[in-house]
1. Residues that are basic (Lys, Arg), under 22 Å from Glu96 (Cβ atoms) and in contact with a Ser or Thr (Cβ under 7 Å, 6 or more places away or on another chain), at least 1 per element: which strands (runs of 3 or more DSSP E) completely within region 1-48 meet that?
2. Any idea which residue in region 116-130 is farthest from Glu47 (Cα to Cα), counting only those that are open to solvent by less than 30 Å² (accessible area, probe 1.4 Å) and not in a loop (DSSP other than H, G, I, E, B)?
3. Scan region 79-88 for residues that are of a type in the set (Phe, Trp, Tyr) and crowded, with 16+ Cβ neighbours inside 10 Å and jot them down.
4. Looking for whichever is over 27 Å from Arg192 (Cβ atoms) and surrounded by 14 or more Cβ atoms within 10 Å (Cβ to Cβ) here; the options are Trp98, Trp91. Which one fits?
5. Return yes when Gly156 is of a type outside the set (Lys, Arg) and on the phi > 0 side of the Ramachandran plot and no when it is not.
6. Count, please, the residues in region 131-144 that happen to be loosely packed, with under 15 Cβ neighbours inside 10 Å and either assigned to a strand (DSSP E or B) or touching a residue at least 12 places away in the same chain (Cβ under 8 Å) (or both).
7. Which of the residues belonging to region 28-44 are surrounded by fewer than 18 Cβ atoms within 10 Å (Cβ to Cβ) and under 20 Å from the mean Cα position of the chain (by Cα)?
8. On the basis of being part of a helix (DSSP H, G or I), within 21 Å of Asn35 (Cβ to Cβ) and either at pLDDT below 95 or open to solvent by less than 20 Å² (accessible area, probe 1.4 Å) (or both), does Leu147 make the cut?
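The values are calculated or read from the model by the stated rules, or taken from the named source; none is laboratory data. Note that the coordinates shown come from a computational prediction; the quantities given were computed from them, not determined experimentally. Reconstructed Cβ throughout: ideal geometry from the backbone, glycine too, with neighbour counts over all protein chains shown. Accessible surface is based on the protein model in full, side chains and every heavy atom, while ligands, DNA and RNA are left aside. Shrake-Rupley method; radii C 1.70, N 1.55, O 1.52, S 1.80 Å.
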Amino acid sequence: MPPLIKHTDHMDIHIDEHSALILIRLIWRYIWDDNGFSPWSYVEKKEFHHKADDIIWQKLGNILHLKVRGTSDFAKKHRYTLWSVHFDIQWVLCDEHWTVTVKKIDKGDFLRSAVLWNKREIKLDSNDLNFVCKRSSGKQKIYQRGLLHEFGHVIGNTVKIKGMHGDEYNKTSPYFNDIRSIMHSAEEIRGRHIDYILKILNSWIPKTFFEVSD
C-alpha cells in the first residue's frame, strides 16, 4: 500500500500504514556562503548536509508516537496502531520548501541563526552542528546544537502561525521553566512541539484525529 502524502509549502507529511510511520520530510535548497573564507567544497557541503540530517534523524526520530481516533474507516482500522514520528531533510537544487543559507565562520565564533517562516528561509552557520553551552549553574551545564533549535521553528514552533508556540526561553512563554526543551536551551522534544503537524494531520482525513500518545 503506497503512503498517503500531504504536500504543504513548508513540509510534506507521509502516512505509511504498512510501517505505522508518520514521516515529515522537509526539502532544502542550500546557499553556501563562504563569508570570505575558502569556498565551500562539495565534500564540505555533503558533510554538512549528511551530518545535519543524521542529527535530526537520530535526536528527534521515533521519540514521539501518535494514536488515532474518529469515526472514519481509517480511524477504525487503526484504532490500536501506535504511529512512530520521524523527520527527514532532503537536499535539492530546485522545488524546495526552504532556502537554507549556511555561512562559514571561525570554529570559535557564534552567529545568531534564524528561521523566517513566511519567507521559508533558514539562516545557519558552519558551527550550528556543534554543541554550545546555553546555560550553566554550578556544576550543571546544558548544551544545545543550533541546528536542532532552528529545526524546531521549521516544524511549526513559531509565533508566525496563529495559535502556535515560539521560543520558550522568553520569560513570556508558558514553558519558560522547561529549560531542557529543544525550544529553550537543550534538545528534548515534547508533544507540544508537533502541534502544527497535528493541525495538518487533523485537517487532512475527515473524521480522523491524531494525538500524541502518552
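1. Ranges flagged: 21-33.
2. Step by step, filter region 116-130, then rank; the result is Ile122.
3. Trp83, Phe87
4. So the residue among Trp98, Trp91 that is over 27 Å from Arg192 (Cβ atoms) and surrounded by 14 or more Cβ atoms within 10 Å (Cβ to Cβ) is Trp91.
5. Yes, satisfied.
6. 8
7. Arg29, Ile31 - these are the residues of region 28-44 that are surrounded by fewer than 18 Cβ atoms within 10 Å (Cβ to Cβ) and under 20 Å from the mean Cα position of the chain (by Cα).
8. yes
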